[in-house]
Amino acid sequence: MERSTDRIRTTHVGSLARPAALLDLMQAAARGQPVDPAELAEAERQAVTDVVTRQRAAGLDVVGDGEQTKPGFFSYIGQRLSGFEPSAGHSPLDAFRAEVDSFPEYYEQYFKTAMTGGMAVPVVPLGCTGPVSYTGTERLRRDLDLLRAAVGQGVGSSPDEVFVCAVAPSGVGGNEYYPTQGAYLDAVADALHVEYAAIIDAGFTLQIDDPFLTDVFSYGTDSAADKLETAGRYVDAINRSLRGLPRERVRLHTCYGINEGPRVHDAPLSELIDVLFTIQAGAFSFEAANPRHEHVYHVFESVKLPPDTVLLPGVISHATNIVEHPEVIADRIVRFAELVGRENVVASADCGFSSQASYTPEIHPSIVWAKFEALAEGARRATARLW
C-alpha cells in the first residue's frame with residue numbers, strides 16, 4: 001500500500017467522466033443497436049489512455065482507469081455474474097427515500113439530470129433468481145489489459161501506484177433465490193472473489209466500493225443492534241471475498257450515495273468506524289471534505305488506527321463545483337496527519353466524479369482536473385509543513 005513516507009501522496013476514488021464518443025457507443029449497445037466491436041474497443045482504449053495521462057499530468061501519485069468502460073460503479077457487475085435478472089418495481093433511488101421525502105421539490109429537479117438522470121445506460125435493479133457464479137473473466141481481462149497498456153512500464157506501474165475498483169458484495173442486487181440473506185451474500189462473495197483476485201494477480205491494488213454499508217446506518221429503520229447485525233453481514237461478505245488476498249493490496253471506499261443534496265440523513269462516521277475497521281483492508285477511503293463531513297477528523301482523536309492501516313480521507317469534494325484552495329486542502333491533510341501520523345495519510349477525494357456513465361456529470365470534467373491539480377499542490381504545501 002502506498003504510504004506517505006517522505007511526502008504526502010495523492011490519489012482519488014475512481015470514477016471519472018467518460019468521453020462523449022464512448023458514451024454514444026455504450027448507449028447504442030445498451031439499446032440493442034449495432035456497434036462495431038473494433039470501434040468500441042478503440043474508444044475504450046483511447047478513453048483509458050487519456051484518463052491515465054491526465055491524472056499523472058495533474059500530479060496524482062496513485063491512479064486508476066476512471067472506470068471508463070463501466071456503465072456504473074455497481075451496475076457493471078450485472079454483466080459479469082450469472083444468476084441475476086432484472087427486478088421490476090424497484091428503483092436505485094429507493095434507498096434514499098427518507099432524504100428525498102424531506103426535500104421532494106429539490107430532488108424532483110435534481111434527479112432529472114443528476115446521478116441516474118443523465119445516464120447513457122440506465123440502471124436496471126437486479127434480483128438473484130438462480131445460483132451465482134462469475135462469468136466476466138473476458139471483460140475483466142480486457143479492462144486490466146487496457147489499464148496495463150495505459151500505465152506502461154516504469155514509474156507509475158507498481159501495484160502501489162495503480163488501483164482498480166470493484167463493487168462490494170452488498171451492492172449487487174436483491175435476493176430472490178437463496179434461503180437466507182447470509183447464504184446469498186456468501187454466494188456473491190465467492191463469485192466476486194474471482195474478480196478481486198484477478199485484479200491483484202494482474203499487479204494492481206484492489207479498491208472495493210461500498211456505499212451500501214453507510215446506507216444501513218443512514219437509512220435503516222431497525223434498532224441500533226439490528227443495524228449492527230446487518231452491517232456485520234455485509235462485512236463478513238467482504239472478508240469472505242478477500243480470503244487469501246494480501247490485506248496491503250486492498251483499499252475500501254465508503255460514501256453516502258447522493259452527491260449534491262442536503263444529505264441531512266447521512267450517518268456520522270463515528271457510528272460506523274468500528275465496523276469499518278473490521279474489514280480486512282489496508283486502507284480506508286471516506287468523505288471528509290464536504291460541509292456535511294469535514295468534521296470527521298475528530299473521530300480519530302479517540303479512535304486508533306489498526307496496525308499497518310492507511311487513511312485516504314477526502315480533501316476535495318465531489319459535492320461542489322468550487323475548486324478547493326490548496327491551503328484549505330493542506331489544512332485538511334495536516335489535521336489528519338497530526339492525529340494518525342503523516343505516513344498513514346494519503347490525500348484523496350470524497351467520492352468518484354462520475355459514478356455512472358453520464359452525459360451530465362455534476363462536476364464538469366474541466367473542474368475535476370482543476371481540483372486534482374489543487375489536490376497535488378495542497379499535498380505539496382502539507383508536506384512542507386509536516387517535514
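Brief remarks on what is shown
- Unit charges on C-beta of K, R, D, E only; dipole of region 229-346, Debye: 460
- For the peptides 233-244, 35-46, residues were scored by their other Cβ atoms within 10 Å and the scores averaged per peptide; the highest-first order is 233-244, 35-46.
- Shape category assigned to the chain from the gyration tensor of Cα positions, a/c cut at 1.5: rounded
- Charge-dipole axis of region 118-273 as Lys and Arg at +1 and Asp and Glu at -1 on Cβ define it, positive-most pick from ALA189, ALA149, CYS128: ALA149
- Nearest-20 debye value, the chain charge dipole, Cβ charges on Lys, Arg, Asp, Glu: 720
- Cα gyration tensor, region 79-154 - rounded (a/c under 1.5), prolate or oblate: oblate
- For the chain, the list of Cys residues with no other Cys C-beta under 4.7 Å reads CYS128, CYS165.
- Contact order normalised by residue count of the chain, Cα under 8 Å, 6+ apart, percent: 25
- For region 336-387: rounded, prolate or oblate by the Cα gyration tensor [a/c cutoff 1.5]: oblate
- Per-residue ellipticity at 222 nm, computed for the chain from helices alone with -39500 (n - 2.57) per DSSP H run of at least four residues, works out to -12500 deg cm²/dmol.
- Backbone HN-Hα couplings from phi across region 276-287 [Karplus 6.51/-1.76/1.60, Hz, Gly and Pro as x]: 4, 6, 8, 6, 7, 10, x, 8, 10, 10, 7, 6
- Selection from ALA376, PRO291, THR309, by position along the positive dipole direction of the chain (Cβ): ALA376
- With protein chains left intact and a 1.4 Å probe, residues in the chain average 40 Å² of accessible area per residue.
- Cα-projected label distance for THR137 with ALA149, points at 7 Å along beta-carbon direction, nm: 2.2
- Stretch gain in nm, segment ASP36-GLU229, where the contour uses 0.36 nm per residue and the Cα spacing is subtracted: 64.7 nm
- Linear extension gain, THR5 paired with VAL303, 0.36 nm per residue minus alpha-carbon span: 105.1 nm
- Accessible area of the chain belonging to carbon and sulfur atoms, whole % at 1.4 Å probe: 53
- Region 26-112, relative contact order in percent, only Cα pairs under 8 angstrom and at least six apart counted: 16
- Extension gain (nm, one decimal) between SER91 and ILE273, 0.36 nm per residue minus Cα-Cα: 62.7 nm
The values are calculated or read from the model by the stated rules, or taken from the named source; none is laboratory data. What you see is a predicted model, and the numbers here were worked out from it, not measured in a lab. All Cβ positions, glycine included, derive from the backbone under ideal geometry; neighbour counts span all protein chains shown. Just the protein is used for accessible areas: all its heavy atoms, side chains included, with ligands, DNA and RNA removed. Shrake-Rupley method; radii C 1.70, N 1.55, O 1.52, S 1.80 Å.
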